[in-house]
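The next block holds one structure in the form of structure tokens; read it before the comments.
The numbers here are math on the coordinates, done by the rules we state, and not lab data. Just so it is clear, the model here is predicted, and its values are computed rather than measured. Using ideal geometry, Cβ is built from the backbone for each residue, glycine included, and neighbour counts are taken over all protein chains shown.
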Ligand SMILES: Cc1cc2nc3c(=O)[nH]c(=O)nc-3n(C[C@H](O)[C@H](O)[C@H](O)COP(=O)(O)OP(=O)(O)OC[C@H]3O[C@@H](n4cnc5c(N)ncnc54)[C@H](O)[C@@H]3O)c2cc1C
């Protein structure tokens, strides 16, 4: 059913071609839903343009960054997902949108040669890690936005363990074993919690004493996890303290050097391994595609998730600036919104295939869970606060549910088995 994977996208069309650019949470969900709903419709073609052969499902990235999970735990391979669906995957990148001619060009930046006409285009190219212009930050910190970032953090940790084993002087050893995370949002808390809980075991394997480990979390605002209710923030902080994490809140970073983070109040924090989890910005290429963008570079959408001036272009996921009519705020960059926008957009495209008008998207946040170490979490769902084991179970089940939605029972049960083995 599926055509052989290729980096050439300029294949002859069969009629109405739906082009999806970006195969992350939004693009993959959209392609899967369209493939299932439009299977057998003769004059419709679905093409996914994505440079990587797999989706990186980032919400459990901390388990890869510190172990115990392997990178496959976060990788949803497109050939497996689309094997029984009428979706053509083109392993390349969207370079430009020519909305007047209803075509996109595809290929390396500045050298794109393939021209692909579309009947409907869905842009789902996501976001990238945002690194503010703090001196030394970009040079010395690892960001946390991909499996490659997670592997880099693992690598830097191992380098420090090998170096620390050779150090006789206790103060030098402690300095070599200092891990710092900047950013007390969900990603930073998840990374720091997993570092604090899992590194001691790894250190013992190197013959190191876990008492020499220093794990710190720096947050510029007065508190961590600002999106969660205060009672849950307090529980998360208690858990971090139990894991031995030193917390610096209300502390802006002014400068970073190879082995230390300078704060605006003049203090310096030893840091041999530094992770920056300070936020994200929309795919920077998207603003060059001639579509309306908000001041943050996210592409503006109408209530049906379309670009306001282009009836044949949908925008979904992190790259989209969808304004929730109930709150008049742009919805946050979260997988749960990316997935729901994509599901709704699939329904709307199917409606359009059958000559019906699209309907407005109504975003609803059903809950939010943050892990604080691999076996404990905080969060809420349907107005109910949870912490500890129930919260971490909900977080992990949400992840498995996503694999089930896009990959079916076999992929979901594989992930579930891996998760259970990690918690044994
Ligand atoms: C560490 C971490 C933990 C997170 N945890 C959670 C969580 O617990 N819950 C939650 O709801 N959200 C979480 N998020 C946020 C969530 O991952 C994002 O909101 C989600 O990935 C957005 O989906 P997307 O499809 O818009 O973008 P992405 O998933 O980033 O996918 C974008 C895709 O577009 C592709 N692409 C980029 N440029 C082009 C181009 N020019 N042409 C073609 N393809 C292109 C990329 O290769 C990528 O595959 C987390 C994020 C991180 C980094």
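Would you mind calculating the gained length between residue 247 and residue 138 on full extension (0.36 nm times residue separation, minus the Cα-Cα distance), in nm to one decimal?
Full extension from residue 247 to residue 138 adds 37.0 nm.
Over what distance in Å are the Cα centres of the range 96-113 and the range 343-369 separated?
About 27 Å separates the Cα centre of the range 96-113 from the one of the range 343-369.
Say we join alpha carbon atoms closer than 10 Å with springs in a Gaussian network model of the chain; which of 111, 257, 190 then has the biggest fluctuation?
111
Antiparallel as a % of all DSSP beta bridges within the range 137-278, to the nearest 5?
Details: 7 of 24 bridges.
Approximately 30 percent, going by the DSSP bridge assignments.
May I ask you to order 266-279, 377-390 by the average number of other C-beta atoms within 10 Å around their residues, highest value first? All intermediate terms of the calculation are to be shown ahead of the outcome.
Values: 266-279: 20.1, 377-390: 16.8.
Top of the packing list down: 266-279, 377-390.
Counting DSSP beta bridges in the chain, what percent are antiparallel, to the nearest 5? List each step's numbers first, then the result.
Working: 35 of 72 bridges.
Of those bridges, close to 50 percent are antiparallel.
How large is the Kirkwood hydrodynamic radius of the chain, in angstrom, based on all distinct alpha carbon pairs? Could you put the intermediate results ahead of the total?
Details: mean 1/r = 0.0440 Å⁻¹.
That comes to 22.7 Å for the chain.
By how many nm would the segment from residue 100 to residue 258 lengthen if fully extended, with 0.36 nm per residue of separation less the alpha-carbon distance? Write out the running numbers ahead of the final one.
Details: separation 158, 0.36 × 158 = 56.88 nm, distance 4.99 nm.
Fully extending the segment from residue 100 to residue 258 adds 51.9 nm.
Select from 408, 220, 188 the residue whose mean-square fluctuation is largest in a Gaussian network model of the chain (Cα-Cα springs shorter than 10 Å).
So, out of 408, 220, 188, the one fluctuating most is 408.
As a test, work out the antiparallel percent of DSSP beta bridges whose residues both lie in the range 221-345, rounded to the nearest 5.
Here the share of antiparallel DSSP bridges comes out near 85 percent.
Using only Cα atoms, tell me the angle between helix 147-165 and the longest principal axis of the chain; keep it within 0 to 90° and round to the nearest 10.
Once rounded, one gets 20 degrees.
For the range 137-278, what does the relative contact order come out to in percent, with C-alpha contacts under 8 Å and a separation of six or more?
On the way: 240 pairs, mean separation 47.6, N = 142.
Relative contact order for the range 137-278 comes out at 34 percent.
Provide 159, 142, 261 in ascending order of the number of other Cβ atoms located within 10 Å of each residue's Cβ, fewest first. Each step should come with its number before you reach the end.
On the way: 159 13, 142 23, 261 27.
Exposure proxy ranking, most exposed first: 159, 142, 261.
Quick one: if you stick a label point 7 Å off each Cα along the C-beta vector at residue 221 and residue 155, how many nm between them?
With each label placed 7 Å out from Cα toward Cβ, I get 3.3 nm.
Take the alpha-carbon centre of the range 200-236, take the same for the range 396-417, and report the distance between them in whole Å.
Their Cα centres are 29 Å away from one another.
How many nm is it between the label spots at residue 381 and residue 397, if each spot is 7 Å from the Cα in line with the beta carbon?
In this crude spin-label approximation the distance works out to 0.4 nm.
When the chain is modelled as a GNM with alpha-carbon springs shorter than 10 Å, which of 109, 93, 340 fluctuates the most?
109
Whole angstrom only: what separates the Cα centroid of the range 115-187 from the Cα centroid of the range 37-85?
Centre-to-centre distance over Cα atoms comes out at 23 Å.
Please tell me the relative contact order of the chain in percent, rounded to the nearest whole number, where contacts are Cα pairs under 8 Å and at least six residues apart. Could you put the intermediate results ahead of the total?
Values: 886 pairs, mean separation 70.4, N = 424.
RCO, the chain: 17 percent.
Could you state the angle between the C-alpha long axis of helix 230-242 and the longest principal axis of the C-alpha atoms of the chain, as a value from 0 to 90 degrees rounded to the nearest 10?
Roughly 50 degrees between the two axes.
Any chance you could give the angle, 0 to 90 degrees and rounded to 10, that helix 335-353 forms with the longest Cα principal axis of the chain?
So the helix axis and the longest Cα principal axis differ by about 0 degrees.
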